[in-house]
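A.B. asks: Here it is, the structure, as structure tokens.
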Amino acid sequence: MIQYDAERRTLTLHTRSTSYQMKIDATGVLLHTYYGEKLRKGDLSRLICPEDRGFSPNPDEVGLDRTWSLDTQPQEYSSSGVGDFRQPALEADLADGSHIVDLRYVGHTVADGKYALEGLPAFYDEGVAAQTLTVELRDKCSGLTVELLYGVLEEYDMITRAVRVRNDGAAPVQLTRVASACLDFFTGDWDFITLGGAYAREREPVRTTLTQGVHTVGSVRGSSSHQQNPFLVLCDRDATEDTGCCWAMALVYSGNFQATVEHTQFHETRMTMGIHPFHFCWRLEPGESFTAPEAAMVFSRQGLGHMSRMFHRAIRLNLCRGPWKDARRPILINNWEATLFDFDADKIYSIAQAASKVGVEMMVMDDGWFGQRNDDFGGLGDWNVNQEKLPGGLAPLAERIKGLGMKFGIWVEPEMVNENSDLYRAHPDWAFQAPGRPVTRGRYQLVLDLTRAEVRQYILDNLRTMLKSADISYVKWDMNRSLTDVWSAGLPAERQGEVYHRFVLGVYEILEALHQEFPQLLIEGCSGGGGRFDCGMLYYTPQIWCSDNTDAMDRLRIQYGTSYCYPCCTMGAHVSAVPNGLTHRSTPFHTRGVVAAAGTFGYELDLNELSPEELEEVAHQIAAFRNYWDVVMRGDYYRLTDPFRHECFCAWMHVSPDRTRAVVSVVQTQRHANPVRPLLRMKGLDPDKDYLVEGKVYGGDELMYAGLALPFLDECQAVQYQIKEV
Ligand code: DGJ
């Protein structure tokens, strides 16, 4: 619900359990006065405490009042160059050479339903109550007009924000920073949590005590990256999984981003998130406008677990789209780790054949089926079938696989090109390369300039042709390098600062066209594993390959960190062969199944090479997953231990929304001699219900408050309990 109190000039947004307040100050500055637990009423600007602060300047309209300064006022969308020395939300190079932006309130509107953003991913309101608030601010002098958009998704305790900047002035303007959200707090003796990491070690939670200064993370790699994720949490210093206040923000965007927390001289806090200002410069001619991507915010008073569960539900039901968003995904087998580039139609068929016998439902043919793609030196860009490997094209193989009762899926990497390709030989200027400079290669490949319509058209035409040439149910969309040499032959010099963002818009445009034209197609996002795992991609691809690291022990950490924001049903997770190719570790087959079943679940090996016992285990894993997939996908997820702390086991559980069923998974991460008693306290059950666990009945209260004694497991062993109300 959105309330405007005309007398107090407050705008208050209410979700089911949270409130968010702004106030239009007498000067016209839009102040931010509250975000937290739900309030019935009140004007929280009373907390501002005016004070004459040294070196905090005062705007002309407050006259000689030295207590009013932008430097100390909590702002909704901060100006720059007029007295607020904290992180600005908006920066621009104006025609007269100045960089000053001073935003004042013009008006606001409230509408039912949630706004959408043209060309950009965003949460939507299908099936849930939602409202939109639009507040208009203007910098009188330049004519820059800012529309702040707020979407209120009550049920998820989520408030989304986006920003449109319009040039209502008479001269061109260059935008150099447009934050999607800026959030000021009066206090901030808090911690902040980011998701750091690396290739094969994605999304490791990093918790840091907030100290005075500007703390920033981000990506300038052209994608959201393995190294940092567009997600940030501020929380009480003693916040745990189940207690404490947490304010979290996720950017619905897949390109360069910056997330900043500033802790000020007066221990106030400002959180901002948006497109990274690195090499960003967007030219607005008079009348033109620019839309910054959406940021989604959640407040939880019940710790990090509740915060995650709010994001999980909203992402699954109101960000992911298409028929697959809430449906069981096919249990697939992918040939990559089994064959790398060394395969042909018969090899793929033989993997599929073995898999079909134990219940696998889809065969995915990975990298290497097209052009001269026999290694990673060539072929990218040539999306024609390699006839030596697949005589007659994709259709005969797809049909043979269909004959096994399986679906067929395929890998692509449309944003890239190898110099050794027909595409590059015909159009060298379609790859990013700055004039007069040599190229910078990544995995021997270059990045296609998706800012150009003809390049996007080429990709779309090729994908269309491929998808129509055979019965293809699934596409794995990969992206295996970061962007460099970012310069487009299709744009004038003064617009080169737009290339990074236009590239992302190009990716979205192609994905949107596919979504419209092939609505049944399941697309899995991928970027060398989880290098582009973000809310932006999830709008187009309801699942994303979580990491190239399929080692079950390492995956515990990767999936744990990923779950801070993203639901399990979005995490591509497969059982692979041992010793693991990246870690050289061997883990039991059962453990690999338990870990993969906390994601989309599939296989990444050649089942022909398994022992009869292992094949039996595969059949068992598949039958079990079919039985409880809905609990994993639609249930509430609880992190029971933290695999980054030196605990002996890692445990998590999924509880069905009606709390009648649960799946509890435990993996022994360390084993010591004469070990301590392994007790596990569950979460999320109904204390008044009785549950059947391994043939015995326990009260939900018992299982949660006293716990269950786990067996003494060896290192890397796992145990899984499927629990039912009796
Ligand atoms: C990186 C992906 O993450 C892998 O799963 C595989 O598809 C390779 N690319 C293929 O080149």
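The values are calculated or read from the model by the stated rules, or taken from the named source; none is laboratory data. On a predicted model such as this, the values are computed, not experimentally measured, just so you know. Heads up, the Cβs are rebuilt from the backbone with ideal geometry, glycines too, and the neighbour counts pull from every protein chain shown.
A.B. asks: Give me the strands (runs of 3 or more DSSP E) completely within segment 186-250, filtered to those with at least 1 residues that are in the same structural domain as I159 (by TED's automatic domain parsing), over 13 Å from G303 (Cβ atoms) and among the acidic types (D, E), ordered by residue number.
C.D. replies: Of the strands (runs of 3 or more DSSP E) lying wholly inside segment 186-250, those with at least 1 residues that are in the same structural domain as I159 (by TED's automatic domain parsing), over 13 Å from G303 (Cβ atoms) and among the acidic types (D, E) span 204-209.
Residue-wise test of (1) under 24 Å from G322 (Cα atoms); (2) touching a Cys at 6+ places or on another chain (Cβ under 8 Å).
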position	(1), (2)
R555	no, yes
G561	no, no
N580	no, no
T587	no, yes
R592	no, no
E604	no, no
E614	no, no
V632	yes, yes
D636	yes, no
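A.B. asks: Which residues, taken from segment 452-498, are of a type in the set (D, E, K, R), buried (at least 17 other Cβ atoms within 10 Å of the Cβ) and away from the ligand (no atom under 16 Å from the Cβ)?
C.D. replies: Selection gives R452, R456, E498.
A.B. asks: Within the group W430, W411, which residue is aromatic (F, W, Y), over 27 Å from L340 (Cβ atoms) and touching a residue at least 12 places away in the same chain (Cβ under 8 Å)?
C.D. replies: When all the criteria are applied, what remains is W430.
A.B. asks: Still on this structure, please answer the following. From (1) charged (D, E, K, R); (2) closer than 21 Å to G143 by Cβ; (3) modelled with pLDDT under 95, pick out the condition that doesn't hold for E51.
C.D. replies: The single condition E51 does not satisfy is (2).
A.B. asks: What is the one condition in (1) crowded, with 20+ Cβ neighbours inside 10 Å; (2) under 30 Å from A354 (Cα atoms) that Q717 does not satisfy?
C.D. replies: Exception for Q717: condition (1).
A.B. asks: Still on this model: Run D658 past the list (1) assigned to a strand (DSSP E or B); (2) without any contact (Cβ under 8 Å) to a residue 12 or more places away in the chain and report the number of the one that doesn't hold.
C.D. replies: (1)
A.B. asks: In addition: Taking segment 321-338 only, how many residues are away from the ligand (no atom under 12 Å from the Cβ) and either assigned to a loop (DSSP other than H, G, I, E, B) or under 17 Å from L390 (Cβ atoms) (or both)?
C.D. replies: Adding up the residues that qualify gives 11.
A.B. asks: Select from segment 291-332 the residues that are of a type in the set (V, I, T) and closer than 21 Å to Y539 by Cβ and list them in ascending order.
C.D. replies: T291, V298, I315
A.B. asks: To continue, here is another question. Answer yes or no as to whether R671 is of a type in the set (K, R), without any contact (Cβ under 8 Å) to a residue 60 or more places away in the chain and not assigned by TED's automatic domain parsing to the domain that holds R313.
C.D. replies: Answer is yes for this residue.
A.B. asks: Would you please list the contacts, defined by Cβ atoms under 7 Å and residues six or more apart or on different chains, that run from a residue in segment 527-554 that is over 21 Å from R316 (Cα atoms) to a residue that is more than 9 Å from the ligand (Cβ to nearest atom) and of a type in the set (F, W, Y)?
C.D. replies: Correct list of pairs: G528/Y199.
A.B. asks: Being surrounded by 16 or more Cβ atoms within 10 Å (Cβ to Cβ), among the β-branched types (V, I, T) and within 21 Å of L522 (Cβ to Cβ) is true for just one of V417, V412. Which residue is that?
C.D. replies: Among V417, V412, only V412 is surrounded by 16 or more Cβ atoms within 10 Å (Cβ to Cβ), among the β-branched types (V, I, T) and within 21 Å of L522 (Cβ to Cβ).
A.B. asks: Suppose the filter is within 16 Å of the ligand (Cβ to nearest atom) and either on the phi > 0 side of the Ramachandran plot or polar (S, T, N, Q) (or both); does Q387 pass it?
C.D. replies: no
A.B. asks: Out of curiosity, is R443 within 16 Å of the ligand (Cβ to nearest atom) and either free of Cβ contacts under 8 Å to residues at least 12 places away in the same chain or surrounded by fewer than 18 Cβ atoms within 10 Å (Cβ to Cβ) (or both)?
C.D. replies: Here the answer is yes, as R443 does meet what is asked.
A.B. asks: Right, something else. Anything in segment 661-685 that is within 27 Å of the chain's Cα centre (by Cα) and at positive phi? List them, or say none.
C.D. replies: G684
A.B. asks: For segment 390-408, indicate whether the set of residues that are within 16 Å of the ligand (Cβ to nearest atom), of a type outside the set (A, V, I, L, M, F, W, C) and surrounded by 18 or more Cβ atoms within 10 Å (Cβ to Cβ) is non-empty.
C.D. replies: Checking segment 390-408: not a single residue is within 16 Å of the ligand (Cβ to nearest atom), of a type outside the set (A, V, I, L, M, F, W, C) and surrounded by 18 or more Cβ atoms within 10 Å (Cβ to Cβ).
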